[in-house]
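Notes to accompany the following structure.
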Amino acid sequence: MLRLGGAVVAAALLVAGCGAGEGGSGGARPDGDRVTIRVPSDAPTISAAVALARPGDLVLVAPGVYHESVQVDRPGVTLRGESRDGVVVDGRVRQPNGIVVTAPGVAVENLTVRNNTQNGVLVTGSARAASGTPGEGGYDTGDEPVTFLKSFLVSHVTATRNGLYGIYAFSAQDGVIEHSYASGSADSGIYVGQCKPCRVVVRGNTAELNAVGFEGTNASGDVHVVGNRFTGNRVGLTSNSDHQEKLLPQEGAVVAGNLIAANQQDATPEQADGGWGIGVGVDGGSDNRVVRNRIVGNAGAGLVITATSDVPPNGNRVEENAFAGNGVDVGWAFPTATRGRGNCLRGNDLATTVPEGLATTAPCPTADQSPSGTWTGPKPPHGIPFTDVAAPAPQPQFPNATTAGPTTVPAVPELPDLAEVVLPPATLLAEGALVRTS
């Protein structure tokens, strides 16, 4: 007999709950056998089901509201909801995290995570981050090396009304965040931080009504943010260096084929630094490529390159983007002590830059120049509590959620071919239009 969460469940029930051809129970079964553990029929809670799981198993969750913080510490497990909108992990604003992944090869799919004081889904190799008790100046302090979680997948997840991040990959490598939706995050809807080399792909997601749609902090080496929709946030996307985390500075991200529009939404949580009306911000990041994005209708600026503290931005390339209706299309603002160098523009459809004439004075490839300007954007309004952000509409389901087998997460994700990434069409500006990744 297995005792799970106060309920006694016969091991035989686990076998009965498995699909045809699947064998074994929580006791002895041959290595390599895969089973489907169903919640609540085989285990009363998601956490109890995860405790039974072995590598290659599928934890399949029936519709319902689950008031628990789920710790997935078993490698190679797939955690999937039968219904993306119907399976809800709800923290009731009482717990730090909804789902915490600390084992490699885990897939989290087709469910909603909401009302957590910190994060909806956290994927991490940091023990401090997983515990929900960050140290001073960041989650990892002192001189100890960074510990990475390797290989993960977050797919078709809705993360809404969480106090910091919706989907948070921190000290994690070799992963994919795809086809997910994030709103109501008081920091960032989707966050990738403290990884080098990251080898992380963020594709086909929608982030709206957050303080920041996507944030990549100290995230370097093969970070590909491709084919997403970052609209109606306070700030659409940032790629930045931050002394509060390790692996400074940020370098080498690709931001391509995204729709980044109208990021000055009033009814959003307010981030501490008060960012507002910015489409893309590169803050102390270097050697990033911003290619074939549609960046429109951002009241402050479409794209800003600036320094973070004492970290200059160098060698960023802004190429073949479509800018329209922004306060300023492209602006560079470098403090005297941290002037960026080697930043350049090529082939963009833009009307205004600060300083004027950047497309002419800093073309790609560019001389080692560091022009800088200043401008004043609109004053940001006060934010609202993350718990008051509008509820999301129903989102697209994971295909064949109840019949598909477990997902095998690759050790290293296939990276997008930048040559195949296209400029998003203007038709995607329509309300409710879905993001297209090709």
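The values are calculated or read from the model by the stated rules, or taken from the named source; none is laboratory data. Keep in mind that this is a model prediction, so the values were computed, not measured. Ideal geometry is used to build each Cβ from the backbone, glycine not excepted, and the neighbour counts take in all protein chains shown.
Scanning region 92-102 for residues that are in contact (Cβ under 8 Å) with a residue 40 or more places away in the chain, surrounded by 20 or more Cβ atoms within 10 Å (Cβ to Cβ) and under 19 Å from Gly64 (Cα atoms) yields one hit, Gly98. Filtering region 188-224 to residues that are of a type in the set (Asp, Glu) and part of a strand (DSSP E or B) leaves only Glu215. Annotation note: of Val389, Val422, the sole residue that is on the phi < 0 side of the Ramachandran plot and surrounded by 17 or more Cβ atoms within 10 Å (Cβ to Cβ) is Val389.
Taking into account only those residues within region 16-61 that are over 30 Å from the mean Cα position of the chain (by Cα) and of a type in the set (Asp, Glu), which is modelled with the lowest pLDDT? Going through the qualifying residues, I end up with Glu22. Within region 126-139, the set of residues being buried (at least 24 other Cβ atoms within 10 Å of the Cβ) and either more than 29 Å from Pro392 (Cβ to Cβ) or at pLDDT 95 or above (or both) is empty. A search for C-beta distances below 7 Å between a residue of region 346-362 that is at positive phi and any residue that is at pLDDT below 95 and assigned to a helix (DSSP H, G or I), counting only pairs 6+ apart in sequence or on different chains, returns nothing.
Can you name the residue in region 392-419 that is over 28 Å from Cys198 (Cβ atoms) and in contact with a strand residue (DSSP E or B) (Cβ under 8 Å, 6 or more places away or on another chain) and, of all such residues, is surrounded by the most Cβ atoms within 10 Å (Cβ to Cβ)? Only one residue tops the list, namely Ala401.
Taking strands (runs of 3 or more DSSP E) as the structural unit, those lying wholly within region 33-81 and holding at least 2 residues that are surrounded by 19 or more Cβ atoms within 10 Å (Cβ to Cβ) correspond to 36-39, 58-61, 70-72, 78-81.
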